1. Okay, helix-only estimate at 222 nm for chain A: each DSSP H run of n ≥ 4 adds -39500 (n - 2.57), divide by all residues, round to 500 deg cm²/dmol; what do you get?
2. Leaving out same-chain residues fewer than 8 places away, which lysines sit with a Cα under 22 Å from that of residue B:302?
3. Need one value for B:20-27: mean number of C-beta atoms belonging to other chains within 10 Å of its residues' C-beta atoms.
4. With only alpha-carbon atoms counted, please give the Rg and Dmax of region A:6-105, in Å.
5. Would you order B:47, B:38 from fewest to most other beta-carbon atoms within 10 Å of each residue's own beta-carbon?
6. Any lysines with Cα under 29 Å of the residue A:100 Cα? List them, leaving off those in the same chain fewer than 8 positions away.
7. With a cap of 16 neighbouring Cβ atoms within 10 Å, and only residues DSSP puts in a loop, list the trypsin sites (Lys or Arg not before Pro) found in region A:47-110.
8. What residues qualify as long-range amide H neighbours of residue A:26, i.e. H under 5 Å apart, gap of 5 or more or another chain, H built at 1.01 Å from N?
Amino acid sequence: MTMISSDVIRGYNDLIILSLLREQPSYGYDISRQIRTISEERYIIKETTLYSAINRLEKQGFIESYFAHGEFGRVRTYYRITAAGRTYYREKCREWDLTKSVINQFIRES
Amino acid sequence: MDAIKSYLDNVFANLPKTDAVLKAKAEMMANMEEKYLHFKKDGLSEHEAVGRVIAEFGSIDELLAELNVAPASSTPGTASSKARQVSREEAVEYVNQKRQSGILIGLGVFMCIAGVAALILINQIGFMGHGHGQFAHAQARPVLGVVVLLLMVAAAVGIFIYAGMRLSKFEFLEGDFTLPAHLQKEIEDKKDAFTPSFTVAIIIGVSLCILAPLLILLPFLLTGPGVLAPYWVVAMLLTVATAVFVFVYAGSIKEAYDKLLKTGDYSRQPDQKFTNAVSSVIWPLAIMSYLLLGFLGDYWGKAWIIFPVAVFLSIAISAIAKFVRKE
């Protein structure tokens, strides 16, 4: 099983995080856990990458944070997607479709 | 878990403590903690869990770029160029040296007080023999007592100088110095581990200080001023000397930790200086009065009363000084 390299996926961390938050609000560890599970452990996001992406998205107003009690009464910082975030997500999806089709036109494995 | 915390402390040690940086650290600590607990629940060992969490930390440079923090200060010698970094070996050796010098200085002080006790003891034997008409012999006793006292004080001074010299290579701790985060943590743990011993030492010392005056008062109340009274003075002085030894020894170790952690109880310092100043006036005065009364008035049999008085005076004055300062 090969793992994806952080360099290749760099531009898509924002997209991945937004896609998860579109489903439901979440907190730091849960986001990284979901990425690990959904990617079947082929992509494990680093702590610094996750925090940088979340911090960037929040500054751009695509997500917003709030405090809430989780299990065992611990207070966590939760994040939810904003309306601007949803719009941005759709733009990024179109960009990914474009990227995918362009790259695919060059890739011939055999 | 501690390993993860000290790892993060270390990574963030040289970064500016801005709100954004502290927020990032707290948030990442929370995430890593939950990840660690999850790994443990999945059956990983402590070691494996910590290892994986740290392996998945990533690169601090990425975070610094995002937070617009210059990574300059993470290279040693820029932000903290003036402050000397203390190594683990130095810190450990400093604490060891302070422990040893605590024993030495405590011993020196003990010898000074024991010297006075020896002076009284020798004179007392002389006084008791005085009645048998050996005048010349009896006069030689106080001189012998003074010689013993002076020898013991001289030896004590030698010990003080030696202890000071051994600590002199740690003079840089008087200036600006820094501890690496993990070392800071380690020393804090050691200090915490030492605290119960320190408390016990203080309790023993204080108990001895309370016991000391009782050694004079109780025999006096029970049997009246008997011929044995001077021996009780000797016992009292040795009790005080033991208490002082305990204070000096335990205090020296605590001082070492406080100095390294810069947590010194500086409010206590002026009290200590005042008490020392009072002692350094009272004791030579007491010894001089004792010798003068003895040699000039031949009051060897009664003059020892000066020493319990001196002990009471020292304790009372330092207690009043402490009280006044607190008010």
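1. -18000 deg cm²/dmol
2. none
3. Details: counts 1, 0, 0, 3, 6, 1, 1, 10.
Mean number of neighbouring Cβ atoms from other chains: 3.
4. Over region A:6-105's Cα set, Rg and Dmax evaluate to 14.1, 52 Å.
5. Neighbour counts put them in this order, fewest first: B:47, B:38.
6. A:46, A:59, A:92
7. Passing sites in region A:47-110 are A:74, A:108.
8. Excluding prolines and chain starts, which carry no amide H, the hits are A:79.
Here, each number is a calculation from the coordinates, and none is a lab measurement. Values in this document were obtained by computation on a predicted structure and should not be read as measured data. Using ideal geometry, Cβ is built from the backbone for each residue, glycine included, and neighbour counts are taken over all protein chains shown.
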